1. Which of the residues spanning the stretch 84-139 are touching a Phe, Trp or Tyr at 6+ places or on another chain (Cβ under 9 Å) and among the hydroxyl-bearing types (S, T, Y)?
2. Kindly indicate the residue of the stretch 120-139 that is in a helix (DSSP H, G or I), of a type outside the set (V, I, T) and over 15 Å from the mean Cα position of the chain (by Cα) and also farthest from D15 (Cα to Cα) among those meeting that condition.
3. Of a type outside the set (V, I, T), without any contact (Cβ under 8 Å) to a residue 40 or more places away in the chain and within 24 Å of K132 (Cβ to Cβ), is that true of E61?
4. Among all residue pairs at least 6 apart or on different chains, which show Cβ distances below 9 Å where the first residue, located in the stretch 91-118, is under 21 Å from N136 (Cα atoms) and modelled with pLDDT of 90 or more and the second is among the aromatic types (F, W, Y) and not in a helix (DSSP H, G or I)?
5. Tell me, which residue of the stretch 57-96 that is in contact with a helix residue (DSSP H, G or I) (Cβ under 7 Å, 6 or more places away or on another chain) and within 14 Å of W106 (Cβ to Cβ) is surrounded by the fewest Cβ atoms within 10 Å (Cβ to Cβ)?
6. Applying the selection to the stretch 91-114, what residues are aliphatic (A, V, I, L, M) and outside any strand (DSSP E or B)?
7. Conditions first: (1) in contact with an Asp or Glu (Cβ under 8 Å, 6 or more places away or on another chain); (2) within 19 Å of N69 (Cα to Cα). D45 passes all but one, so which condition is the exception?
8. For the stretch 23-33, what are the residues that are surrounded by fewer than 17 Cβ atoms within 10 Å (Cβ to Cβ) and in contact with a strand residue (DSSP E or B) (Cβ under 7 Å, 6 or more places away or on another chain)?
Amino acid sequence: MAKISHSEEINAPFDTVWKLLLDKAEHPDRTIKEVESVKILERYDDGMLREMKAVGMTIKERIRIDEKNKLIKFDLVENPMFTGYFINKVDITPEEKITLTYEQNWTPLNQEAKKMEQKFLQVLINAVKEMKNLVNTKN
């Protein structure tokens, strides 16, 4: 399994959803209960370099924020267990319906990583649902 994703329709304006996604990039521990700690290592014009401890490992990511395309991409950096990326994406239909999608595309580099993979889908689904709940409380 390399690519997994989960989507939920969100009943809120794009600006509300986007602000919460930007906050999640800096503070993933607010919506993902598996996150133990977070550090912003560097900031760039288009994002940041973040390190966090979650699901039993240290995850360093180069985060690129692309508001024009309504997506935030998290590229894994120097990870001994996985290679790949994670995406948070907002889609808006012509009827102004908003769908939030989290997509994880991590390729395991060893047997230990392959064993960890089965946890990821539930973490991803829970994270999208938690963001949906957070949006509803802010709306």
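1. Correct list: Y85, Y102, T107.
2. N133
3. Yes: the conditions hold for E61.
4. Filtered contacts from the stretch 91-118: Y102/F86.
5. Here the residue is M81.
6. L109, A113
7. In the conditions (1) in contact with an Asp or Glu (Cβ under 8 Å, 6 or more places away or on another chain); (2) within 19 Å of N69 (Cα to Cα), D45 misses (1) alone.
8. Once the filter is applied, which keeps residues that are surrounded by fewer than 17 Cβ atoms within 10 Å (Cβ to Cβ) and in contact with a strand residue (DSSP E or B) (Cβ under 7 Å, 6 or more places away or on another chain), the stretch 23-33 yields E26, H27, D29.
The values are calculated or read from the model by the stated rules, or taken from the named source; none is laboratory data. Remember, it's a predicted structure, so these values are computed and weren't measured experimentally. So basically every Cβ, Gly included, is an ideal-geometry build from the backbone, and we count neighbours across all protein chains shown.
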